[in-house]
Amino acid sequence: MAKVKVGIVGLGRLGRQHAENLAFRIPNCELLAVCSVIQEEAEQAQKEWGIKYAYTNYDEMLQNKELDAIFIASPSGFHCEQIEKALNAGFHVFSEKPLGLYLEEALRVQEVVNNHRDQVFMIGFMRRYDKSYAYAKKKIEEGKIGEPVLIRCYGLDPSKAINGFMQFAKNNYSGGLFLDMAIHDLDLARWYLSSEAKQVWAIGGAYAHPEFEQLNDAETGTALVKFENNKMGIFVAGRNCAHGYHIETEIIGTNGTLRIGTTPEKNMVTVFDDTGAVNECAEGFLERFEQAYLSEAEEFISCIRENRQPSVTVEDGVLSTALGYACKDSFETGELVTVQSPYKALPSSI
Ligand code: NAI
């Protein structure tokens, strides 16, 4: 196959990073089209990167039959509709997380994906493609820590980025702390524990930033999750981390423990000065997961060229959405929530 020709929708905080990867860092890929509802964004990207087509209308981009694949980095509320349209128009599709903001739409997308098995579909759980997270998975599979029984995760956005985040949250309904932020950790928990959630209790609040209350969202929150086989998950998520972008994961097994990112270091440099010995922290997701964003996009393009599906599936998208939704539900109602299988009472085709 010649180069895979891709069109991307969404050119915001993350979309630009994906676009640059697709345009310049993946040899078997050509970024042929960019799309954003903001005309200046689309025109700027076209000019800056020399892209053949720029659109302000997604449906128009889907008319372009020179394209092979669509990369979706638009706000979360648009993912399901845009995935469905792109698959039905015959394209391979990558979509940013979360798959959907509601279980019903996520399940509908799964059905559409299953009806287009000859097209590649990939959901953007990029941490699975981060070298450290992938290495930890390998260690678990090798039995290095015995049976994993507990996962403890911190997913904290830097307080420095709060203004940018408020803009994102106000303009585009994000789904809230658990569906937007904790969802990466919820997916990792399912992946590492090889187990699905049964019960959730989530709490949280607006502490430094009362404006989160107006959004009916938590600025900082935590969820305690009981998984199948009595496995455990503790999830801390927040938007107000003073020292930087803190993504930390611990997996405790019957025979050992793995920790990833215990100190969220920027790099291997320690600065010794009159404040002490300082390991600076990563400032945001683009810095911490630069390699993972590139690796997941490379995998998407390879899957298309090699006519195979990625290991992260649409079902992972649905089940993580179900768990994220249960956390949101528990946070909003203050109740212990039983996580229902989203596949209950559904037609056998799903
Ligand atoms: P953003 O708000 O910075 O950018 C959104 C972009 O989509 C803008 O270019 C906007 O003009 C465009 N847009 C909005 N509505 C559109 C529509 N109907 N059709 C076409 N374009 C439209 O958002 P950000 O932070 O880049 O997030 C985008 C997606 O990426 C979200 O779903 C978010 O959850 C996800 N994300 C994932 C991360 C990860 O680590 N995997 C990190 C950050 C975001």
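If you check residue 216 against the conditions, is it open to solvent by 60 Å² or more (accessible area, probe 1.4 Å), without any contact (Cβ under 8 Å) to a residue 40 or more places away in the chain and not hydrophobic (A, V, I, L, M, F, W, C)? No. Taking the listed residues 63, 82, 46, the one that is closer than 18 Å to residue 17 by Cβ and not aliphatic (A, V, I, L, M) is 46, with no other qualifying. Scanning the range 13-38 for residues that are within 10 Å of the ligand (Cβ to nearest atom), within 21 Å of the chain's Cα centre (by Cα), modelled with pLDDT of 95 or more and assigned to a loop (DSSP other than H, G, I, E, B) yields a count of 2. Residues that are small (Gly, Ala, Ser) and at pLDDT 95 or above number at least 2 in the following strands (runs of 3 or more DSSP E) confined to the range 248-319: 276-278. Looking at the structure I just gave you, is residue 193 of a type outside the set (Ser, Thr, Tyr), open to solvent by less than 40 Å² (accessible area, probe 1.4 Å) and within 16 Å of the ligand (Cβ to nearest atom)? Taking the combined requirement at face value, the residue does not satisfy it. For the range 297-304, does any single residue satisfy the condition of being more than 16 Å from the ligand (Cβ to nearest atom), within 28 Å of residue 141 (Cα to Cα), open to solvent by 30 Å² or more (accessible area, probe 1.4 Å) and not acidic (Asp, Glu)? So far as the range 297-304 goes, yes, one or more of its residues are more than 16 Å from the ligand (Cβ to nearest atom), within 28 Å of residue 141 (Cα to Cα), open to solvent by 30 Å² or more (accessible area, probe 1.4 Å) and not acidic (Asp, Glu). Just one residue in the set 175, 204 is within 16 Å of the ligand (Cβ to nearest atom), in the same structural domain as residue 249 (by TED's automatic domain parsing) and within 24 Å of residue 333 (Cβ to Cβ); that residue is 175.
Is there a residue being in a loop (DSSP other than H, G, I, E, B), more than 10 Å from the ligand (Cβ to nearest atom) and surrounded by fewer than 23 Cβ atoms within 10 Å (Cβ to Cβ) anywhere in the range 80-89? Looking for residues that are in a loop (DSSP other than H, G, I, E, B), more than 10 Å from the ligand (Cβ to nearest atom) and surrounded by fewer than 23 Cβ atoms within 10 Å (Cβ to Cβ), one finds at least one in the range 80-89, hence yes.
The values are calculated or read from the model by the stated rules, or taken from the named source; none is laboratory data. Keep in mind it's a predicted model, so treat the numbers as computed, not measured. Counting neighbours? That spans all protein chains shown, and the Cβs are built from the backbone with ideal geometry, glycine included. Side chains included, ligands, DNA and RNA excluded: accessible areas come from the protein's heavy atoms. Shrake-Rupley method; radii C 1.70, N 1.55, O 1.52, S 1.80 Å.
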